[in-house]
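What follows is a short report on a single structure.
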Amino acid sequence: MSQAADAKDDQTGRFAVPGKPRPLSPHLQVWRWHVTMLASILFRVTIGAVSVGALIVLGWLAALAFGPEAYTGFLTVAASPFGLFIGFGLTVVLFSFILNGARHETNDLGVGLSLKTANTLASLCVWGPVVLAVLFWAALFATGRAVL
Amino acid sequence: MSEPRFKNRVKVSERHGSGEWKIERIALAILVVLGLWVAASAFTLAGSGYDGAMDWFANPLNAVLAGLTLVVFFGYISIAWKVIIEDYIHRAGNKALLLGLVNIVCLLATAAGVFFIVRLALGSAPLPAGLGF
């Protein structure tokens, strides 16, 4: 904490009264981990991951627009073990986005904020994406849409 | 200083921010619904090959929904990144630079995506053809 008392280079705005820095709010290191906190952090991670995912989808659109040859190249990469791994990750991210989005919207309406409901919703958003992605890919393999 | 305004006993934003928040909420609500459609579409398109994908885009409903998803998504994600950047980056210069960068990337990605989708929906010839090479 070298910057703790450095008022000149402070970016936190806690030196509003000179010489009397206000305490920093507690952060990840001091908070007891809780599932609502985990869901919130994972939604931020999802925002980052879904941004990358969108660029991959953009690459898919480009490959399709550049014709059969480019598209075959894209499909070859997508069907490789690495491509399937990325594809699985993308479905986890998609379901995480949907579930966390629904949770966020629910809570923004002022609904589902009781301790019990908030915990349940958060748990759904943490584990739901993985379960849904596994089911999604099980269905893909079962119907022969994806092959290993 | 004017008196703080209240609505349903909740303090209302005095400058700006509530409008952005509202746009973010509306966009996310739309995206949750469209996300389900994206999942269903991904399931349909998986393993359908080039012809299957082209047939899928030939359906105007799919093309319109794809375009809508793209525009709303990049609109939402630019605000989402703005919220994250404003949380962690406090130096004015760096913050403005990052926010500008995010907006440029989002605009370019939207423009490119809409361009591809329109061509696919119209069944245009594979791409280098339309670029004048």
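The values are calculated or read from the model by the stated rules, or taken from the named source; none is laboratory data. A quick note: this is a predicted structure, and the numbers were derived from the prediction, not measured. When we count neighbours, we look across all protein chains shown, and the Cβ atoms used for this are built from the backbone with ideal geometry, even at glycine. When the accessible area is computed, the model is the full protein with side chains, heavy atoms only, and any ligands, DNA or RNA have been set aside. Shrake-Rupley method; radii C 1.70, N 1.55, O 1.52, S 1.80 Å.
Some values worked out for this structure:
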item: Alpha-carbon gyration tensor eigenvalues x 5, square-rooted, for chain B, Å; result: 38, 20, 12
item: Where labels lie 7 Å past Cα in the beta-carbon direction, separation of A:Phe141 and B:Ile23 in nm; result: 4.4 nm
item: Size of charge dipole - chain A - debye, nearest 20, with Cβ of Lys, Arg +1 and Asp, Glu -1, no other charges; result: 480 debye
item: Backbone HN-Hα couplings from phi across segment B:86-94 [Karplus 6.51/-1.76/1.60, Hz, Gly and Pro as x]; result: 5, 6, 10, 9, 10, 7, 3, x, 4
item: Segment A:Val52-A:Glu69, length gained on full extension (0.36 nm per residue, minus Cα span); result: 3.7 nm
item: Under Karplus coefficients 6.51, -1.76 and 1.60, residue-wise ³J(HN,Hα) of segment B:22-30 in Hz, glycine/proline x; result: 5, 4, 4, 5, 5, 4, 5, 4, 5
item: Sequence ranges B:51-61, A:88-98, A:130-140, ranked by mean other-Cβ count within 10 angstrom, highest first; result: A:88-98, A:130-140, B:51-61
item: Three-way shape label, segment A:38-85, alpha-carbon gyration tensor, a/c 1.5; result: oblate
item: Dipole in debye (nearest 20) - the protein assembly as shown, about Cα centre, beta carbon charges: Lys, Arg +1; Asp, Glu -1; result: 1000 debye
item: Unit charges at the beta carbon, dipole of the protein assembly as shown: most positive-side option, B:Leu122, B:Ile84, B:Ala111; result: B:Ile84
item: Inter-label distance for A:Trp127 and B:Val10, nm, one decimal - labels placed 7 Å from Cα along Cα-to-Cβ; result: 3.1 nm
item: Cα centroid separation - segment A:96-148 against segment B:12-88, whole Å; result: 17 Å
item: Rough spin-label spacing in nm, given labels placed 7 Å along Cα→Cβ, for B:Val33 and A:Val30; result: 4.4 nm
item: Number of partner chain Cβ atoms within 10 Å, mean per residue of B:111-122; result: 3
item: Spatially proximal lysines relative to A:Lys20 (Cα-Cα < 30 Å; intrachain offsets below 8 disregarded); result: A:Lys8, B:Lys11, B:Lys95
item: Partner chain coverage, peptide A:97-105 - average Cβ within 10 angstrom; result: 5
item: Helical contribution to [θ] at 222 nm, DSSP H n ≥ 4, -39,500 (n - 2.57), averaged over chain A, rounded to 500; result: -23500 deg cm²/dmol
item: Buried accessible area, chains A and B (both chains, 1.4 Å probe, Å² to nearest 100); result: 3300 Å²
item: Within the accessible area of chain A (1.4 Å probe), percent carbon and sulfur; result: 72 percent
item: Relative packing of A:47-58, A:13-24, which averages over residues the other C-beta atoms within 10 Å, highest first; result: A:47-58, A:13-24
